Amino acid sequence: MTFTSPMIQARPLRRRRRWPAALILLIVLAGLWAGGWHYGAGVAERTIEGWKAREAKSGRVYTCATQTIGGFPFGVELRCADAGAELTSTQPPLALKAREMVVSAHVWRPTVLTTELTGPLTIAEPGRAPTISASWRSARTQVHGLPVSPESVSINLEQLAVDRAGGGENLFKSESLDLNGRLVSGTVQNNPVIEVVLKLVAVSAPSWHPAAATPVDAGITAALRGLKDFSPKPWSERFRELQAAGGRIEITSARVQQRDTIAVANGTLGLSPAGRLNGELRLTVANLEAFLPTLGLERMLSQEQASPQINSAIGALDRLIPGLGNVARKNAGPAILAGVSLMGQPAELEGKRAVMLPLKFDDGMASLGPLKLGTTPSLF
């Protein structure tokens, strides 16, 4: 029998593990990506804080009940619960509250911030019960650039409804609302020219005017010229500076459609010392006869609403032949339509017969021919 000593028994050789090069590269890349994310998150967070500071100087102060940062690995996301905003530059000041606000950015584009808002949104005077409530299917904004040099901003709202709080009357409704603003020339610090594009789909505002109760589609492109700079300040102050400098609002194109009535316009408007619109737009309207009744011609010509000149003229008819004044009132609508058409020039719009008319603004009072349409609000 042969014995083998354990001391001299052969031991198998251990193989040294070698880390695959691909795995090492993956770990290195993951570390670099994590570092890049933290750097991008820092840039995005500083950009968000910079925008909040800029907005505060413009009279809009934003608050959060709780705020968290996340979004790793591909994005940066700031989540703000019980979001609030105070508009200190309005008269009276207003307090807005929403359920949640999420501000996000891609790691590789930390200065492009997208904000999504979760409703409903309530509007009230500070310390008082809400008077207005807004809801929507989606609400999103996007800003490009740094707070010290903004480049563009866009706002998109889908299926927006604005109502009086407590289930009251509807004030405004739209299927879609898009507002885009961008710097087209100059710089933020010196003579900026701002282009604004507004697109509306199925918009109605029944409480404003009976004619606004029927949904309208609209697209408007305008430019603000005459601003000294685009430093953070309330828009009311910005418009006041525009008026003092003799600046203007150029309507380069505008198209509005309500049912079969189509209108296009362009022209230049200024601001009166009271902050209301002054100027004239070249307006071309197709199917005008379908729109004028919605302005309430009968109400305009009623004894209570008609101008003193109209009442005086109709009273003179009554003195000549009793009852002739009422006949004149009842038949004045077609006469006014004919008069408005005669004041304009025949035209064609999108293959339809149309009339070209001046739409005038005199310290905010809008007039279409002899018809006064109403007063626009002051911009400051």
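For segment 209-242, a residue qualifies if it is under 19 Å from Ala254 (Cβ atoms), among the charged types (D, E, K, R) and in contact with a Leu (Cβ under 8 Å, 6 or more places away or on another chain), and exactly one does: Asp217. Residues considered: Leu269, Leu200. Of these, the only one that is within 19 Å of the chain's Cα centre (by Cα) and buried (at least 16 other Cβ atoms within 10 Å of the Cβ) is Leu200. Go through segment 225-241 and give me each residue that's buried (at least 19 other Cβ atoms within 10 Å of the Cβ) and either assigned by TED's automatic domain parsing to the domain that holds Val61 or in contact with a Phe, Trp or Tyr (Cβ under 9 Å, 6 or more places away or on another chain) (or both). Across segment 225-241, the qualifying residues are Arg238, Phe239. All of (1) farther than 27 Å from Val203 by Cβ; (2) crowded, with 16+ Cβ neighbours inside 10 Å hold for Leu94 with one exception: (1). For segment 136-151, taking the residues that are among the small types (Gly, Ala, Ser) and modelled with pLDDT of 95 or more, the one that is farthest from Ala105 (Cα to Cα) is identified as Ser138. For segment 255-274, a tally of residues being charged (D, E, K, R) and assigned to a loop (DSSP other than H, G, I, E, B) returns 2.
The values are calculated or read from the model by the stated rules, or taken from the named source; none is laboratory data. From a predicted model like this one, the values you see are computed outputs, not experimental measurements. Neighbour counts are summed over all protein chains in view; Cβ atoms, including those assigned to glycine, are modelled from backbone coordinates with ideal geometry.
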